[in-house]
Amino acid sequence: MAFPNGFLWGGATAANQCEGAFDADGKGLSTADVMTAGAHGIKRRVTPELEPGTYYPSHAAIDHYHRYREDIALFAELGFTCYRFSVNWTRIFPQGDEEEPNEAGLAFYDGILDELERHGIEPLVTISHFETPLGLVEKYGSWENRAVVDCYLRYARTLFTRWRGRVHLWLTFNEINCMSTQPWVAAGIASEDEGVRMRAAYHQLLASGLATQMAHEIDPANRVGAMYAGHFAYPASPDPADVIGTMRFMQRMLFYLDVMCHGSYPPYKLRELERQGIALPVEPGDAEALAAGTVDFVSYSYYNTHVTGAKTRGVIKGMNGLDTGYKNPYLNRSDWGWTIDPTGLRFSLNLLYERYRRPLMIVENGLGAVDTVEEDGSVHDPYRIAYMRDHLLELECAIEHDGVPVMGYTMWGPLDIVSASTGEMKKRYGVIYVDVDDGGRGTFARSRKDSFAWYQKVIATNGASLHEDA
Ligand code: BG6
(Lines give C-alpha, C1' and ligand atoms only; values in the text may rest on other atoms or scores of the structure.)
Protein backbone atom coordinates (compact mmCIF):
# COMPACT_ATOMS: atom_id res chain seq x y z
CA MET A 1 0.00 0.00 0.00
CA ALA A 2 1.43 3.38 -1.03
CA PHE A 3 0.02 5.51 1.76
CA PRO A 4 1.96 4.46 4.84
CA ASN A 5 0.30 3.33 8.03
CA GLY A 6 -0.28 6.33 10.21
CA PHE A 7 -0.60 8.67 7.22
CA LEU A 8 -2.52 11.69 8.52
CA TRP A 9 -5.83 12.25 6.73
CA GLY A 10 -7.92 15.28 7.46
CA GLY A 11 -8.82 18.87 6.80
CA ALA A 12 -7.55 22.37 7.52
CA THR A 13 -9.11 25.69 8.44
CA ALA A 14 -8.07 29.15 9.60
CA ALA A 15 -9.68 30.79 12.63
CA ASN A 16 -10.69 34.04 10.95
CA GLN A 17 -12.30 32.22 8.03
CA CYS A 18 -14.52 29.96 10.13
CA GLU A 19 -14.92 30.98 13.76
CA GLY A 20 -16.89 34.23 13.62
CA ALA A 21 -17.60 35.61 17.14
CA PHE A 22 -15.04 38.27 16.29
CA ASP A 23 -15.49 40.20 19.54
CA ALA A 24 -16.62 37.43 21.88
CA ASP A 25 -15.10 36.70 25.28
CA GLY A 26 -12.56 39.48 25.23
CA LYS A 27 -11.21 38.94 21.71
CA GLY A 28 -9.43 41.93 20.16
CA LEU A 29 -9.46 43.01 16.51
CA SER A 30 -7.09 41.50 13.98
CA THR A 31 -6.23 42.53 10.44
CA ALA A 32 -8.82 40.01 9.22
CA ASP A 33 -11.59 41.70 11.20
CA VAL A 34 -11.30 45.02 9.38
CA MET A 35 -11.38 43.55 5.87
CA THR A 36 -14.64 44.03 4.06
CA ALA A 37 -15.81 41.93 1.17
CA GLY A 38 -18.40 42.45 -1.48
CA ALA A 39 -19.47 41.33 -4.88
CA HIS A 40 -16.50 43.08 -6.44
CA GLY A 41 -13.76 41.67 -4.34
CA ILE A 42 -12.03 42.70 -1.23
CA LYS A 43 -10.98 46.04 0.24
CA ARG A 44 -8.46 46.45 2.96
CA ARG A 45 -8.61 48.89 5.82
CA VAL A 46 -5.77 49.77 8.06
CA THR A 47 -7.81 51.73 10.58
CA PRO A 48 -9.59 50.09 13.47
CA GLU A 49 -12.91 51.87 13.04
CA LEU A 50 -15.54 49.46 11.82
CA GLU A 51 -18.20 50.98 9.58
CA PRO A 52 -21.71 50.33 10.86
CA GLY A 53 -23.82 48.49 8.30
CA THR A 54 -20.78 47.12 6.46
CA TYR A 55 -20.36 43.40 6.02
CA TYR A 56 -17.15 41.97 7.40
CA PRO A 57 -16.87 38.26 6.57
CA SER A 58 -14.79 37.33 9.62
CA HIS A 59 -17.34 38.68 12.09
CA ALA A 60 -19.76 35.76 11.88
CA ALA A 61 -17.95 33.63 9.26
CA ILE A 62 -19.59 30.19 9.58
CA ASP A 63 -20.02 30.44 13.35
CA HIS A 64 -17.62 27.60 14.09
CA TYR A 65 -17.08 29.29 17.47
CA HIS A 66 -20.49 28.12 18.62
CA ARG A 67 -20.75 25.00 16.47
CA TYR A 68 -17.34 23.40 16.76
CA ARG A 69 -18.67 20.30 18.53
CA GLU A 70 -21.03 19.55 15.65
CA ASP A 71 -18.27 20.33 13.14
CA ILE A 72 -15.70 18.09 14.79
CA ALA A 73 -18.30 15.30 15.02
CA LEU A 74 -18.64 15.56 11.24
CA PHE A 75 -14.86 15.40 10.87
CA ALA A 76 -14.91 12.27 13.01
CA GLU A 77 -17.61 10.79 10.81
CA LEU A 78 -15.35 11.45 7.83
CA GLY A 79 -12.67 9.45 9.61
CA PHE A 80 -10.21 12.31 10.07
CA THR A 81 -7.06 11.39 11.91
CA CYS A 82 -5.77 14.99 11.81
CA TYR A 83 -7.34 18.44 11.97
CA ARG A 84 -5.29 21.51 11.18
CA PHE A 85 -6.68 24.69 12.72
CA SER A 86 -5.24 28.04 13.67
CA VAL A 87 -5.41 29.84 16.96
CA ASN A 88 -6.65 33.38 16.62
CA TRP A 89 -3.89 35.44 18.23
CA THR A 90 -6.34 38.15 19.36
CA ARG A 91 -8.41 35.68 21.37
CA ILE A 92 -5.30 34.99 23.46
CA PHE A 93 -3.66 38.44 23.43
CA PRO A 94 -6.38 40.90 22.34
CA GLN A 95 -3.97 43.74 21.49
CA GLY A 96 -1.01 41.47 20.89
CA ASP A 97 1.31 42.95 23.52
CA GLU A 98 -0.35 42.22 26.87
CA GLU A 99 1.71 40.55 29.57
CA GLU A 100 -0.99 38.04 30.48
CA PRO A 101 -3.18 35.96 28.15
CA ASN A 102 -6.96 36.08 27.99
CA GLU A 103 -8.16 32.97 29.80
CA ALA A 104 -11.48 32.84 27.96
CA GLY A 105 -9.68 32.65 24.63
CA LEU A 106 -7.50 29.77 25.78
CA ALA A 107 -10.54 27.99 27.20
CA PHE A 108 -12.22 28.06 23.78
CA TYR A 109 -9.33 26.15 22.22
CA ASP A 110 -9.20 23.79 25.22
CA GLY A 111 -12.73 22.88 24.18
CA ILE A 112 -11.64 22.18 20.60
CA LEU A 113 -8.79 19.98 21.85
CA ASP A 114 -11.19 18.12 24.16
CA GLU A 115 -13.43 17.30 21.20
CA LEU A 116 -10.51 16.23 19.02
CA GLU A 117 -9.19 13.97 21.76
CA ARG A 118 -12.62 12.45 22.28
CA HIS A 119 -12.65 11.49 18.61
CA GLY A 120 -8.99 10.47 18.39
CA ILE A 121 -8.10 13.25 15.95
CA GLU A 122 -4.55 14.64 16.09
CA PRO A 123 -4.37 18.45 16.18
CA LEU A 124 -2.00 20.35 13.93
CA VAL A 125 -1.94 23.94 15.18
CA THR A 126 -1.04 26.97 13.09
CA ILE A 127 0.13 29.65 15.49
CA SER A 128 -0.42 32.57 13.11
CA HIS A 129 -2.69 32.34 10.10
CA PHE A 130 -3.46 35.67 8.40
CA GLU A 131 -4.64 37.48 11.53
CA THR A 132 -2.11 39.90 12.97
CA PRO A 133 -3.44 41.76 16.03
CA LEU A 134 -4.44 45.25 14.94
CA GLY A 135 -2.93 46.55 18.18
CA LEU A 136 0.50 45.47 16.94
CA VAL A 137 -0.08 47.09 13.55
CA GLU A 138 -1.05 50.42 15.09
CA LYS A 139 1.36 50.58 17.96
CA TYR A 140 4.46 49.07 16.38
CA GLY A 141 3.93 49.08 12.61
CA SER A 142 3.58 45.30 12.76
CA TRP A 143 6.41 42.92 11.85
CA GLU A 144 8.79 45.58 10.64
CA ASN A 145 9.34 46.29 14.32
CA ARG A 146 11.43 43.82 16.31
CA ALA A 147 9.21 44.32 19.35
CA VAL A 148 6.63 42.14 17.59
CA VAL A 149 9.02 39.18 17.71
CA ASP A 150 8.81 39.26 21.51
CA CYS A 151 5.03 39.57 21.43
CA TYR A 152 4.84 36.54 19.14
CA LEU A 153 7.19 34.54 21.36
CA ARG A 154 5.11 35.32 24.45
CA TYR A 155 2.05 34.14 22.54
CA ALA A 156 3.82 30.99 21.29
CA ARG A 157 5.13 30.15 24.77
CA THR A 158 1.60 30.47 26.13
CA LEU A 159 0.33 27.89 23.64
CA PHE A 160 3.27 25.49 23.96
CA THR A 161 2.96 25.53 27.74
CA ARG A 162 -0.80 25.31 27.95
CA TRP A 163 -1.03 22.40 25.52
CA ARG A 164 2.16 20.55 26.38
CA GLY A 165 1.43 16.87 25.83
CA ARG A 166 -1.83 17.65 24.02
CA VAL A 167 -0.50 19.21 20.81
CA HIS A 168 2.63 17.86 19.16
CA LEU A 169 2.40 19.26 15.64
CA TRP A 170 2.85 23.01 15.13
CA LEU A 171 3.22 25.44 12.23
CA THR A 172 4.76 28.79 13.14
CA PHE A 173 3.32 30.91 10.30
CA ASN A 174 0.82 30.11 7.60
CA GLU A 175 2.28 30.59 4.11
CA ILE A 176 5.25 32.59 5.34
CA ASN A 177 6.27 33.49 1.77
CA CYS A 178 3.04 35.48 1.40
CA MET A 179 5.03 38.35 2.90
CA SER A 180 6.19 38.77 -0.70
CA THR A 181 2.78 38.52 -2.35
CA GLN A 182 0.11 39.74 0.08
CA PRO A 183 1.88 41.30 3.08
CA TRP A 184 -1.20 42.98 4.54
CA VAL A 185 -3.15 39.75 4.70
CA ALA A 186 -0.16 37.73 5.84
CA ALA A 187 1.45 40.13 8.27
CA GLY A 188 -0.34 43.46 8.64
CA ILE A 189 2.20 45.18 6.39
CA ALA A 190 0.53 47.71 4.12
CA SER A 191 3.70 49.10 2.55
CA GLU A 192 4.71 48.41 -1.05
CA ASP A 193 8.31 49.01 -0.12
CA GLU A 194 10.51 45.93 -0.55
CA GLY A 195 12.77 47.01 2.30
CA VAL A 196 9.83 47.08 4.72
CA ARG A 197 8.71 43.65 3.56
CA MET A 198 12.15 42.12 3.83
CA ARG A 199 12.73 43.51 7.32
CA ALA A 200 9.32 42.18 8.36
CA ALA A 201 10.14 38.81 6.77
CA TYR A 202 13.43 38.75 8.66
CA HIS A 203 11.59 39.25 11.94
CA GLN A 204 9.10 36.50 11.14
CA LEU A 205 11.89 34.09 10.22
CA LEU A 206 13.71 34.96 13.42
CA ALA A 207 10.51 34.54 15.45
CA SER A 208 9.90 31.20 13.76
CA GLY A 209 13.42 29.98 14.57
CA LEU A 210 13.17 31.08 18.20
CA ALA A 211 9.69 29.57 18.56
CA THR A 212 10.88 26.28 17.07
CA GLN A 213 13.67 26.08 19.63
CA MET A 214 11.24 27.00 22.37
CA ALA A 215 8.78 24.30 21.31
CA HIS A 216 11.52 21.68 21.43
CA GLU A 217 12.67 22.87 24.86
CA ILE A 218 9.18 22.85 26.33
CA ASP A 219 8.37 19.40 24.96
CA PRO A 220 10.95 17.36 23.06
CA ALA A 221 8.05 15.48 21.45
CA ASN A 222 6.98 18.67 19.64
CA ARG A 223 7.47 18.71 15.89
CA VAL A 224 7.45 22.12 14.25
CA GLY A 225 6.89 22.69 10.57
CA ALA A 226 7.39 25.41 8.02
CA MET A 227 4.31 26.30 5.97
CA TYR A 228 4.87 27.49 2.41
CA ALA A 229 2.31 28.95 0.00
CA GLY A 230 2.78 26.48 -2.82
CA HIS A 231 4.03 28.75 -5.56
CA PHE A 232 5.71 26.61 -8.21
CA ALA A 233 6.49 27.79 -11.71
CA TYR A 234 7.33 26.35 -15.10
CA PRO A 235 9.42 28.35 -17.60
CA ALA A 236 7.39 29.99 -20.37
CA SER A 237 9.73 28.49 -22.97
CA PRO A 238 13.08 26.69 -23.29
CA ASP A 239 14.68 30.09 -23.86
CA PRO A 240 17.42 30.20 -21.18
CA ALA A 241 16.28 33.72 -20.31
CA ASP A 242 12.88 32.30 -19.36
CA VAL A 243 14.53 29.53 -17.39
CA ILE A 244 16.59 32.04 -15.42
CA GLY A 245 13.51 34.25 -14.90
CA THR A 246 11.70 31.21 -13.50
CA MET A 247 14.62 30.38 -11.28
CA ARG A 248 14.50 33.92 -9.87
CA PHE A 249 10.77 33.58 -9.24
CA MET A 250 11.31 30.36 -7.32
CA GLN A 251 14.21 31.83 -5.36
CA ARG A 252 12.06 34.78 -4.26
CA MET A 253 9.52 32.31 -2.94
CA LEU A 254 11.78 29.56 -1.62
CA PHE A 255 14.30 31.65 0.28
CA TYR A 256 11.90 31.58 3.22
CA LEU A 257 12.08 27.78 3.32
CA ASP A 258 15.82 27.86 2.71
CA VAL A 259 16.23 29.88 5.91
CA MET A 260 13.84 27.70 7.90
CA CYS A 261 15.44 24.44 6.76
CA HIS A 262 19.09 25.39 6.34
CA GLY A 263 19.27 27.90 9.20
CA SER A 264 20.70 30.87 7.32
CA TYR A 265 19.97 33.19 4.40
CA PRO A 266 21.07 31.69 1.07
CA PRO A 267 23.81 33.54 -0.85
CA TYR A 268 21.51 34.41 -3.78
CA LYS A 269 19.18 36.25 -1.39
CA LEU A 270 21.96 38.09 0.41
CA ARG A 271 23.29 39.31 -2.94
CA GLU A 272 19.86 40.44 -4.05
CA LEU A 273 19.30 42.37 -0.81
CA GLU A 274 22.70 43.98 -1.24
CA ARG A 275 21.83 45.06 -4.80
CA GLN A 276 18.54 46.45 -3.55
CA GLY A 277 20.31 48.41 -0.82
CA ILE A 278 18.30 46.62 1.87
CA ALA A 279 20.04 45.98 5.18
CA LEU A 280 18.54 43.28 7.36
CA PRO A 281 18.04 44.32 11.01
CA VAL A 282 20.48 41.70 12.29
CA GLU A 283 21.44 41.76 15.97
CA PRO A 284 24.02 39.72 17.85
CA GLY A 285 22.80 36.17 18.44
CA ASP A 286 20.38 36.15 15.51
CA ALA A 287 22.52 33.94 13.29
CA GLU A 288 22.74 31.36 16.06
CA ALA A 289 18.98 31.54 16.60
CA LEU A 290 18.27 30.88 12.93
CA ALA A 291 20.76 28.03 12.86
CA ALA A 292 19.35 26.39 15.98
CA GLY A 293 15.73 26.87 15.03
CA THR A 294 15.41 24.82 11.86
CA VAL A 295 12.14 23.01 11.30
CA ASP A 296 11.32 19.32 11.66
CA PHE A 297 9.12 19.10 8.60
CA VAL A 298 7.95 21.15 5.63
CA SER A 299 4.28 21.66 4.93
CA TYR A 300 2.66 23.60 2.13
CA SER A 301 -0.55 24.51 0.40
CA TYR A 302 -0.92 23.27 -3.13
CA TYR A 303 -3.65 24.56 -5.43
CA ASN A 304 -2.06 25.34 -8.78
CA THR A 305 1.11 26.15 -10.69
CA HIS A 306 2.34 29.24 -12.51
CA VAL A 307 4.27 30.03 -15.66
CA THR A 308 7.01 32.64 -15.45
CA GLY A 309 9.93 33.79 -17.50
CA ALA A 310 12.16 36.63 -18.58
CA LYS A 311 9.29 39.04 -19.14
CA THR A 312 8.22 39.08 -15.51
CA ARG A 313 11.78 38.87 -14.16
CA GLY A 314 10.50 36.70 -11.37
CA VAL A 315 8.05 39.32 -10.17
CA ILE A 316 4.61 38.19 -9.11
CA LYS A 317 1.62 40.41 -8.76
CA GLY A 318 -1.95 40.10 -7.65
CA MET A 319 -3.74 38.39 -4.85
CA ASN A 320 -2.19 35.02 -4.13
CA GLY A 321 0.52 35.95 -6.63
CA LEU A 322 -1.39 34.42 -9.51
CA ASP A 323 -0.78 37.10 -12.09
CA THR A 324 2.58 36.24 -13.57
CA GLY A 325 1.63 37.39 -17.04
CA TYR A 326 1.67 33.93 -18.66
CA LYS A 327 -1.03 31.35 -19.27
CA ASN A 328 -0.40 27.61 -19.34
CA PRO A 329 -2.16 26.26 -22.47
CA TYR A 330 -1.96 22.69 -21.19
CA LEU A 331 -4.02 23.20 -18.07
CA ASN A 332 -7.67 23.84 -17.27
CA ARG A 333 -8.66 26.46 -14.76
CA SER A 334 -11.08 26.73 -11.88
CA ASP A 335 -13.98 29.19 -11.85
CA TRP A 336 -11.56 31.60 -10.16
CA GLY A 337 -8.89 31.22 -12.81
CA TRP A 338 -6.56 28.98 -10.80
CA THR A 339 -4.85 26.34 -12.92
CA ILE A 340 -5.66 22.72 -12.15
CA ASP A 341 -2.41 20.75 -12.19
CA PRO A 342 -2.32 17.42 -10.33
CA THR A 343 1.00 16.45 -11.93
CA GLY A 344 2.46 19.64 -10.53
CA LEU A 345 1.79 18.28 -7.05
CA ARG A 346 4.10 15.34 -7.70
CA PHE A 347 6.65 17.72 -9.23
CA SER A 348 6.50 20.01 -6.18
CA LEU A 349 6.85 17.13 -3.70
CA ASN A 350 9.98 15.97 -5.48
CA LEU A 351 11.38 19.47 -5.73
CA LEU A 352 10.94 20.23 -2.04
CA TYR A 353 12.21 16.86 -0.86
CA GLU A 354 15.32 17.08 -3.01
CA ARG A 355 16.00 20.57 -1.67
CA TYR A 356 15.21 20.03 2.01
CA ARG A 357 15.24 16.30 2.82
CA ARG A 358 12.56 16.86 5.43
CA PRO A 359 9.26 14.97 5.71
CA LEU A 360 6.58 16.84 3.78
CA MET A 361 2.91 17.42 4.45
CA ILE A 362 0.21 18.81 2.21
CA VAL A 363 -1.76 20.97 4.60
CA GLU A 364 -4.05 22.63 2.04
CA ASN A 365 -5.42 21.41 -1.26
CA GLY A 366 -8.81 21.54 -2.89
CA LEU A 367 -11.07 23.15 -5.43
CA GLY A 368 -12.88 26.40 -4.74
CA ALA A 369 -16.07 26.08 -6.77
CA VAL A 370 -19.68 27.20 -6.94
CA ASP A 371 -22.02 24.50 -5.64
CA THR A 372 -25.70 24.07 -6.41
CA VAL A 373 -28.05 22.86 -3.73
CA GLU A 374 -30.76 20.62 -5.21
CA GLU A 375 -34.36 20.77 -4.04
CA ASP A 376 -33.82 17.79 -1.78
CA GLY A 377 -30.83 19.54 -0.19
CA SER A 378 -28.16 17.39 -1.87
CA VAL A 379 -25.05 18.84 -3.49
CA HIS A 380 -23.56 16.92 -6.41
CA ASP A 381 -19.92 17.93 -6.76
CA PRO A 382 -18.15 15.50 -9.12
CA TYR A 383 -15.72 18.32 -10.04
CA ARG A 384 -14.45 18.45 -6.46
CA ILE A 385 -14.11 14.67 -6.28
CA ALA A 386 -12.20 14.63 -9.58
CA TYR A 387 -9.87 17.40 -8.40
CA MET A 388 -9.05 15.72 -5.10
CA ARG A 389 -8.81 12.24 -6.59
CA ASP A 390 -6.38 13.36 -9.31
CA HIS A 391 -4.20 15.18 -6.78
CA LEU A 392 -4.19 12.31 -4.32
CA LEU A 393 -3.19 9.87 -7.06
CA GLU A 394 -0.19 12.06 -7.87
CA LEU A 395 0.64 12.32 -4.18
CA GLU A 396 0.53 8.53 -3.97
CA CYS A 397 2.84 8.34 -6.96
CA ALA A 398 5.34 10.66 -5.27
CA ILE A 399 5.36 8.37 -2.24
CA GLU A 400 5.38 5.06 -4.07
CA HIS A 401 7.33 5.75 -7.23
CA ASP A 402 9.63 8.58 -6.13
CA GLY A 403 10.14 7.67 -2.48
CA VAL A 404 9.12 11.04 -1.09
CA PRO A 405 8.15 10.83 2.60
CA VAL A 406 4.75 12.48 3.01
CA MET A 407 3.28 12.67 6.51
CA GLY A 408 -0.26 13.52 5.61
CA TYR A 409 -2.88 15.40 3.65
CA THR A 410 -5.35 17.90 5.09
CA MET A 411 -7.75 19.18 2.46
CA TRP A 412 -8.54 22.87 2.62
CA GLY A 413 -11.86 23.89 4.13
CA PRO A 414 -13.49 20.50 4.76
CA LEU A 415 -16.53 22.54 5.56
CA ASP A 416 -17.24 25.63 3.45
CA ILE A 417 -15.54 28.71 4.91
CA VAL A 418 -14.94 32.32 3.91
CA SER A 419 -12.44 32.74 1.06
CA ALA A 420 -9.20 34.41 2.13
CA SER A 421 -8.59 36.12 -1.19
CA THR A 422 -12.09 37.35 -2.00
CA GLY A 423 -14.13 37.23 1.21
CA GLU A 424 -16.76 35.23 -0.66
CA MET A 425 -18.69 32.23 0.65
CA LYS A 426 -19.59 31.03 -2.81
CA LYS A 427 -15.99 29.94 -3.40
CA ARG A 428 -16.56 26.65 -1.62
CA TYR A 429 -13.97 23.95 -0.92
CA GLY A 430 -15.92 21.80 1.52
CA VAL A 431 -17.20 18.27 1.46
CA ILE A 432 -19.63 19.70 4.02
CA TYR A 433 -21.98 22.40 2.74
CA VAL A 434 -22.61 25.39 4.99
CA ASP A 435 -25.73 27.42 4.34
CA VAL A 436 -24.32 30.95 4.35
CA ASP A 437 -24.16 33.32 1.37
CA ASP A 438 -21.78 36.09 0.35
CA GLY A 439 -23.58 38.58 2.58
CA GLY A 440 -23.46 36.36 5.67
CA ARG A 441 -27.13 35.36 5.30
CA GLY A 442 -28.37 31.81 5.83
CA THR A 443 -29.24 29.21 8.43
CA PHE A 444 -25.60 28.17 8.98
CA ALA A 445 -26.81 24.56 8.75
CA ARG A 446 -24.26 21.93 7.75
CA SER A 447 -25.00 19.14 5.26
CA ARG A 448 -23.03 16.46 3.45
CA LYS A 449 -22.12 16.89 -0.22
CA ASP A 450 -21.51 13.87 -2.51
CA SER A 451 -17.79 14.37 -1.92
CA PHE A 452 -18.32 13.65 1.79
CA ALA A 453 -18.94 9.91 1.29
CA TRP A 454 -16.21 9.79 -1.35
CA TYR A 455 -13.57 11.30 0.98
CA GLN A 456 -14.80 9.15 3.86
CA LYS A 457 -14.11 6.05 1.79
CA VAL A 458 -10.68 7.27 0.70
CA ILE A 459 -9.73 7.72 4.34
CA ALA A 460 -11.30 4.43 5.48
CA THR A 461 -9.31 2.52 2.84
CA ASN A 462 -6.11 4.55 3.41
CA GLY A 463 -6.25 5.66 -0.21
CA ALA A 464 -7.00 2.30 -1.83
CA SER A 465 -10.42 3.42 -3.06
CA LEU A 466 -8.80 6.14 -5.18
CA HIS A 467 -8.12 3.44 -7.75
CA GLU A 468 -11.75 2.29 -7.87
CA ASP A 469 -12.81 5.77 -8.92
CA ALA A 470 -10.03 6.40 -11.42
C1 BG6 B 1 -4.26 29.77 1.25
C2 BG6 B 1 -4.57 30.25 2.63
O3 BG6 B 1 -3.59 30.79 0.62
O4 BG6 B 1 -5.28 29.52 0.36
C5 BG6 B 1 -5.99 30.04 3.07
O6 BG6 B 1 -3.70 29.69 3.58
C7 BG6 B 1 -6.92 30.27 1.90
O8 BG6 B 1 -6.25 30.87 4.17
C9 BG6 B 1 -6.58 29.27 0.81
O10 BG6 B 1 -8.27 30.26 2.22
C11 BG6 B 1 -7.50 29.29 -0.39
O12 BG6 B 1 -7.60 30.59 -0.87
P13 BG6 B 1 -9.00 31.28 -1.10
O14 BG6 B 1 -8.68 32.66 -1.48
O15 BG6 B 1 -9.64 30.50 -2.20
O16 BG6 B 1 -9.74 31.18 0.18
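The values are calculated or read from the model by the stated rules, or taken from the named source; none is laboratory data. All values reported here derive from a predicted model rather than from experimental measurement. Glycine gets a Cβ as well: all are built from the backbone with ideal geometry, and neighbour counts include every protein chain shown. Heads up: the accessible areas ignore ligands, DNA and RNA and are worked out on the full protein's heavy atoms, side chains in. Shrake-Rupley method; radii C 1.70, N 1.55, O 1.52, S 1.80 Å.
A few comments on the model shown:
- Relative to one another, the C-alpha centroids of the range 101-133 and the range 264-306 are positioned 28 Å apart.
- Sorting the segments 117-128, 331-342 by their residues' average number of neighbouring beta-carbon atoms within 10 angstrom, most packed first, yields 117-128, 331-342.
- 5 angstrom amide H check on Ser299, placed H, neighbours 5+ away: Ala226, Met227, Tyr228, Met361
- Accessible surface of the range 8-467, 1.4 Å probe, proportion on carbon and sulfur as whole %: 53 percent
- Electrostatic bookkeeping for Phe297 treats Lys and Arg as +1 and Asp and Glu as -1; over the other residues with beta carbon under 9 Å from its beta carbon, the sum is +1.
- In terms of overall dimensions, the C-alpha atoms belonging to the range 328-368 reach 35, 21, 10 Å along their principal axes, ordered largest to smallest.
- Simple point charges give the picture: +1 on the Cβ of Lys and Arg, -1 on the Cβ of Asp and Glu, and for the range 8-467 a dipole about the Cα centre of about 1000 debye.
- Calculated FRET efficiency for the pair Ile218/Asp23, C-beta based, R₀ 22 Å, to 0.05: 0.10
- Using the Cβ-Cβ distance between His467 and Gln95 with R0 set to 45 Å, the FRET efficiency from 1/(1 + (r/R0)^6) comes to roughly 0.30.
- For the range 117-226, fraction of C-alpha pairs farther apart than 19 Å, in %: 43 percent
- The alpha carbon radius of gyration of the range 363-470, expressed as a multiple of 2.2 N^0.38 Å, is 1.14.
- Kirkwood Rh and Cα Rg combined as Rg over Rh, evaluated for the range 8-467: 0.93
- Computed from backbone phi, the HN-Hα couplings of the range 216-221 come to 5, 5, 5, 8, x, 7 Hz, rounded to whole numbers (Karplus: 6.51 cos²θ - 1.76 cosθ + 1.60, θ = phi - 60°; Gly and Pro given as x).
- Rolling a 1.4 angstrom probe over the protein heavy atoms with all chains in place gives the chain an accessible area of 37 Å² per residue.
- Charge-dipole axis of the range 8-467 as Lys and Arg at +1 and Asp and Glu at -1 on Cβ define it, positive-most pick from Leu134, Pro405, Pro101: Pro405
- Between the C-alpha center of the range 228-247 and that of the range 372-408 there is a gap of 26 Å.
- Proportion of all alpha-carbon pairs of the range 113-153 beyond 13 Å (%): 62 percent
- The chain - mean residue ellipticity at 222 nm from DSSP helices (-39,500 (n - 2.57) per run, n ≥ 4, rounded to 500): -12000 deg cm²/dmol
- Extending 7 Å from the Cα toward the beta-carbon at both Arg69 and Glu283 defines two label points whose distance is 4.6 nm.
- Backbone phi angles across the range 372-380, fed through the Karplus curve with coefficients 6.51, -1.76 and 1.60 (θ = phi - 60°), yield HN-Hα couplings of 10, 8, 6, 4, 7, x, 6, 10, 9 Hz in residue order; Gly and Pro are listed as x.
- Rounded to the nearest 10 square angstrom, Leu106 shows an accessible area of 10 square angstrom against a 1.4 Å probe.
- Report note on the peptides 361-371, 189-199, 406-416: ranked by the mean count of other C-beta atoms within 10 Å, highest first, their order is 406-416, 361-371, 189-199.
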